[in-house]
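Okay, structure first, notes after.
Readers should treat all values here as calculations from the given coordinates under stated rules, not as data from a laboratory. Since this is a predicted model, take the numbers as computed values, not measurements. In this analysis, Cβ positions are derived from the backbone assuming ideal geometry, glycine residues included, and neighbour counts consider all displayed protein chains.
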């Protein structure tokens, strides 16, 4: 019997990772034909997802390695560090497991022992951005990982790297923001601590208008003109352009006059 380390996720804050006990794999299932045997055995029950060669954060699926207690397929994964381990394929697909047990333990130890910052907002942010991008069960996954947004490998490697690049959060009014590219990844060149107002100006849904050669968001034009955000938005939808979008009318007049 060949014994490999099994990887079973249970809650660790908002990211779910922790090693479980050992799991035995029959040597008769190693090598060529092993995957095919499992596929044949499952055809009558459910379609098996072929994950061979697919990458999930810092791990790559190698081959099927038996069944889990729940009946799902276990897979042998190769971590970027070179370690191989076995876990339920669903855990990788859902983002609950993104590294091998050794790397996960090292990351947690680095954050809690060396820095003592596991209860800080910065650490929570580091965990949250990984959850958004890799945990398909997360409510916000559709707006992040579902759009193809990823966390750079440097930040996946450790919280220390993230903290070194981002620094402490300036105030309670700040949170992480992908800027200047709102469709880009979480990486040093595209992230900042920003206020709600700054993030609102960076939202995909926030139109930018050019009036008299000057480009601003609707929120910024609202503040500059004294008109409400909704007033400018309604004028935009009505087909108004240029200065007519921010023109303050005298009472009793309309743009049609």
Taking a crude spin-label model, label points 7 Å out from Cα along the C-beta direction, the residue 136 to residue 105 distance in nm is 2.9
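Hey, can you rank 62-73, 91-102, 153-164 by average C-beta count inside 10 Å, highest first? Intermediate values should be presented prior to the final figure.
Numbers: 62-73: 16.4, 91-102: 22.6, 153-164: 18.5.
Final packing ranking: 91-102, 153-164, 62-73.
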Round to the nearest 0.05 the FRET efficiency obtained for residue 224 and residue 173 when R0 = 22 Å and r is the Cβ-Cβ distance.
0.50
Three-way shape call for the stretch 117-201 based on the alpha-carbon gyration tensor, with the a/c threshold at 1.5:
rounded
Give me 186, 179, 141 sorted ascending by neighbouring Cβ count inside 10 Å, so fewest comes first.
179, 141, 186
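Taking R0 as 30 Å, what's the FRET efficiency between residue 49 and residue 147 from their Cβ-Cβ distance, rounded to 0.05? Let's see the in-between values first.
Details: r = 22 Å, r/R0 = 0.72.
E between residue 49 and residue 147, to the nearest 0.05, is 0.85.
Could you please rank 229, 134, placing first whichever residue has the fewest other Cβ atoms within 10 Å of its Cβ? Don't skip to the answer; put the middle values down first.
Details: 229 15, 134 25.
So the residues, fewest neighbours to most, are 229, 134.
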Virtual spin-label span in nm between residue 69 and residue 238, 7 Å along Cα→Cβ:
6.5
Measure off 7 Å from each Cα along the Cα-to-Cβ vector at residue 197 and residue 78, then give the distance between these two points in nanometres to one decimal.
5.2
